[in-house]
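J.: Below you will find the structure I want to go over with you.
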Amino acid sequence: MAQSQEEIKHNAESLNQFKMDWYSLKGKVAIITGGNTGLGQGYAVAMAEAGADVFIPTFGQEGWDTTRELVEARGRKVEFMDVDLTEKGIAINLSAVYHLSLAASKEFAKQKSGKIINIGSMLSFQGGKFIPSYTAAKHGVAGLTKAFASEMAAYNVQVNAIAPGYIKTANTAPIRADKSRNDEILGRIAAGHWGEPYELMGISVYLASNAANYINGAIIPVDGGYLVR
């Protein structure tokens, strides 16, 4: 189909808008619950690497020194707050997400900008095994992400979720040690191996940056192709 001269000009002007500094988080503060251990620590380091200062509300002081070293080594500031985020089952995995999203949304609406990045799971898409309350909660995270995305779009706020696949962490060590379960999981991962925590860092920075301003309400799997099988 032929394009008019106006369309050609508009497309060229649109493409010229792209700037690599859209990916920078300089001047921003990233609030990362549980950012002192595991995947949360990876998100904290990723945000710092991209230029953001970091605030970490978490229960317990495990990992504070290591996280502080990792963030400050990148020239960024980090502060911690010891709060009780250990409600059980659906409470911690869903209710806490709702209340934190609501609190953040009120402030973001005032400033007419902001990003909320929730953490889903493969169980945001599937039924899973043995953990129905966790599955219900992670399905709920997907729903909350879409609901907040719809409501907050008018305030220039984007709400998305990352759905990690099977990643090598302390929490997954027992599963990896169970040969039959490990083999079952590996048989479904198209990449043929478990993911590493650093492989979630790029998507977290992208969703937090201006480069992702037109992504809203997405649940993005980072799973090595687990869901395609």
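J.: Let me have the relative contact order for the chain, percent, based on Cα pairs under 8 Å that are six or more residues apart.
T.: 20
J.: Restricting to DSSP loop positions (anything but H, G, I, E, B) with no more than 10 other Cβ atoms inside 10 Å of their own Cβ, which trypsin sites (Lys or Arg not before Pro) remain in segment 74-180?
T.: Lys88, Lys112, Lys129
J.: In the P(r) worked out for the chain, what percent of Cα pairs fall beyond 30 Å? Before the final figure, lay out the partial values.
T.: Working: 7528 of 26106 pairs.
In whole percent, the share of Cα-Cα pairs in the chain beyond 30 Å is 29.
J.: Which GluC sites (Glu not before Pro) does segment 1-95 hold that lie in a coil by DSSP with at most 14 other beta carbons within 10 Å?
T.: Glu62, Glu87
J.: With the Cα gyration tensor of segment 173-212 in hand, convert its eigenvalues to equivalent ellipsoid semi-axes via √(5λ) and list them largest first in whole Å.
T.: They are 30, 11, 6 Å, listed from largest to smallest.
J.: By its C-alpha gyration tensor, with a ≥ b ≥ c as the square roots of the eigenvalues, how is segment 120-229 shaped: rounded for a/c under 1.5, else prolate for a/b larger than b/c, else oblate?
T.: Since a/c reaches 1.5 and a/b is larger than b/c, the shape of segment 120-229 is classed as prolate.
J.: Using unit Cβ charges (K, R positive; D, E negative) and no other charged atoms, how large, in debye to the nearest 20, is the dipole of segment 74-154 about its Cα centre? Before the final figure, lay out each step's value.
T.: Working: 11 positive and 6 negative charges, 72 e Å.
It works out to roughly 340 debye.
J.: Something else now. Please identify the chymotrypsin sites (Phe, Trp or Tyr not before Pro) of segment 111-212 that satisfy two criteria: DSSP loop assignment and at most 11 other Cβ atoms within 10 Å. Which are they?
T.: Of the chymotrypsin sites (Phe, Trp or Tyr not before Pro), the ones in loops of segment 111-212 whose Cβ has at most 11 other Cβ atoms within 10 Å are Phe130.
J.: Now a separate question. What's the extension gain from Arg74 to Phe130 if we count 0.36 nm per residue and subtract their Cα-Cα distance?
T.: Length difference between fully extended and current span is 16.1 nm.
J.: Further question: Considering only Cα-Cα distances, which of the following residue pairs are longer than 21 Å: Lys129/Lys179; Lys77/Lys112; Lys26/Lys106?
T.: Working: Lys129/Lys179 16 Å; Lys77/Lys112 24 Å; Lys26/Lys106 23 Å.
Going by Cα-Cα distance, Lys77/Lys112; Lys26/Lys106 fall outside the 21 Å limit.
J.: So if I place +1 on the C-beta of Lys and Arg and -1 on the C-beta of Asp and Glu, and nothing else carries charge, what would the dipole magnitude of segment 96-229 be about its Cα centre? I want it in debye, nearest 20.
T.: Charge dipole of segment 96-229: 160 debye, to the nearest 20.
J.: Let me ask something additional. Please report, ordered by residue number, every helix of the chain (full DSSP H runs) that is 27 Å or longer along its axis going by C-alpha atoms and whose mean Kyte-Doolittle hydropathy reaches -1.0.
T.: Values: long enough: 132-152 (29 Å, 0.02).
Both cut-offs are met by 132-152.
Since every read-out is calculated from the coordinates, none of them should be taken as a lab result. Here the structure is a predicted model, which means the values were calculated and not measured. Glycine also receives a Cβ, built like all others from the backbone with ideal geometry; neighbour counts cover every protein chain displayed.
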